[in-house]
1. Does at least one position in segment 116-133 carry a residue that is free of Cβ contacts under 8 Å to residues at least 24 places away in the same chain and under 16 Å from the mean Cα position of the chain (by Cα)?
2. Hey, Phe217 hits all of (1) under 30 Å from Ala63 (Cα atoms); (2) modelled with pLDDT of 95 or more; (3) more than 15 Å from the chain's Cα centre (by Cα) but one; which does it fall short on?
3. Can you list the strands (runs of 3 or more DSSP E) lying wholly within segment 1-56 that have 2 or more residues being surrounded by fewer than 17 Cβ atoms within 10 Å (Cβ to Cβ) and not acidic (Asp, Glu)?
4. Suppose the filter is small (Gly, Ala, Ser) and crowded, with 22+ Cβ neighbours inside 10 Å; does Ala187 pass it?
5. Any residue in segment 131-146 that is of a type in the set (S, T, N, Q) and either under 26 Å from Ile45 (Cβ atoms) or buried (at least 21 other Cβ atoms within 10 Å of the Cβ) (or both)?
6. Of (1) buried (at least 19 other Cβ atoms within 10 Å of the Cβ); (2) farther than 16 Å from Ile101 by Cβ; (3) modelled with pLDDT of 95 or more, Leu160 satisfies all except one. Which?
7. Could you list, in sequence order, all residues of segment 108-146 that are closer than 11 Å to Cys168 by Cα and either assigned by TED's automatic domain parsing to the domain that holds Gly73 or outside any strand (DSSP E or B) (or both)?
8. Output yes when any residue across segment 93-103 is under 13 Å from the mean Cα position of the chain (by Cα) and assigned to a loop (DSSP other than H, G, I, E, B), and no when none is.
Amino acid sequence: MGTILNIETATTNCSVSIGVNGDCISLLEENTPNYSHSEQLHVFIKEVLKKATLSFSDLDAIAVSKGPGSYTGLRIGVSAAKGLCFSLDLPLISIPTLKSIAQQIVVDDDAVIIPLLDARRMEVYSCIFDHNLKEIRNTQAQIIDESSFSDYLEYKEVHLVGNGSEKCKTILESPNMIFHTTNIPSAKEMVTLSYKKFKVNDFEDVAYFEPYYLKDFVLQTKKA
């Protein structure tokens with residue numbers, strides 16, 4: 001049995017879910033611009049357990065969204081997850097935030113998914129996946145310009161997903177680019193990802209695990 005508490009706090013969405021063998025049985029989240037995670041998170045954890053008629057003793061692991069994302073949000077989520085792991089003697093699972101965003105859409109074979117988190121000005125965090133959610137370009141921090149993601153226009157569809165795709169709409173023009181601007185990280189999508197890691201004992205070292213902040217930005221240069 002794999003009963004996993006999933007915690008997502010990388011953005012303005014404070015989101016908690018319970019997954020059992022890869023199925024989401026309880027979810028509670030609230031997306032507010034003022035980052036109320038410090039007040040909401042532990043309340044949400046107790047509520048999702050109550051909705052699922054479970055207690056802390058029923059859990060087999062704790063999963064947390066590891067970033068990139070908000071420094072404050074990530075610290076709150078990871079601190080809560082590590083505290084629960086220590087107190088309950090449970091393994092810790094980390095889920096890349098961008099992969100859980102990519103998990104939200106289903107695409108055709110000849111397509112790529114580019115999850116994007118808004119950073120500041122024209123900066124974003126991004127990663128690139130194929131239609132099977134296999135990573136084909138690692139997570140990067142970048143400044144968006146007219147040449148961004150041009151290497152992937154050979155695909156029939158290029159899906160830009162997340163709040164970072166909003167700023168891309170004003171600069172990137174291609175008929176095969178599809179923008180999903182309203183998607184945000186959620187603990188709902190973490191359920192299947194955390195269960196896959198649980199089945200193969202892919203756990204973090206609770207004592208030394210830190211969020212993936214990805215602070216340094218790389219300026220893309222236009223091709224000659």
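1. At the first step, the residues of segment 116-133 found to be free of Cβ contacts under 8 Å to residues at least 24 places away in the same chain are 120-121, 130, 132.
Then drop every residue that is not under 16 Å from the mean Cα position of the chain (by Cα), which leaves none.
Scanning segment 116-133 turns up no residue that is free of Cβ contacts under 8 Å to residues at least 24 places away in the same chain and under 16 Å from the mean Cα position of the chain (by Cα).
2. (2)
3. Details: elements: 3-8, 13-20, 23-31.
Strands (runs of 3 or more DSSP E) meeting the threshold: 23-31.
4. Values: small (Gly, Ala, Ser): yes; crowded, with 22+ Cβ neighbours inside 10 Å: yes.
Considered against the rule, which asks whether it is small (Gly, Ala, Ser) and crowded, with 22+ Cβ neighbours inside 10 Å, Ala187 comes out as yes.
5. To start, the set of residues in segment 131-146 that are of a type in the set (S, T, N, Q) comprises 132, 138-140, 142.
Remaining after also requiring either under 26 Å from Ile45 (Cβ atoms) or buried (at least 21 other Cβ atoms within 10 Å of the Cβ) (or both): none.
No, that holds for no residue.
6. All conditions are met except number (2).
7. Met122, Ile144, Asp145, Glu146
8. yes
The values are calculated or read from the model by the stated rules, or taken from the named source; none is laboratory data. This structure is a prediction, so every number in the text was calculated from the model and none was measured. Note that each Cβ is placed from the backbone with ideal geometry, even for glycine, and that neighbours are counted across all protein chains shown.
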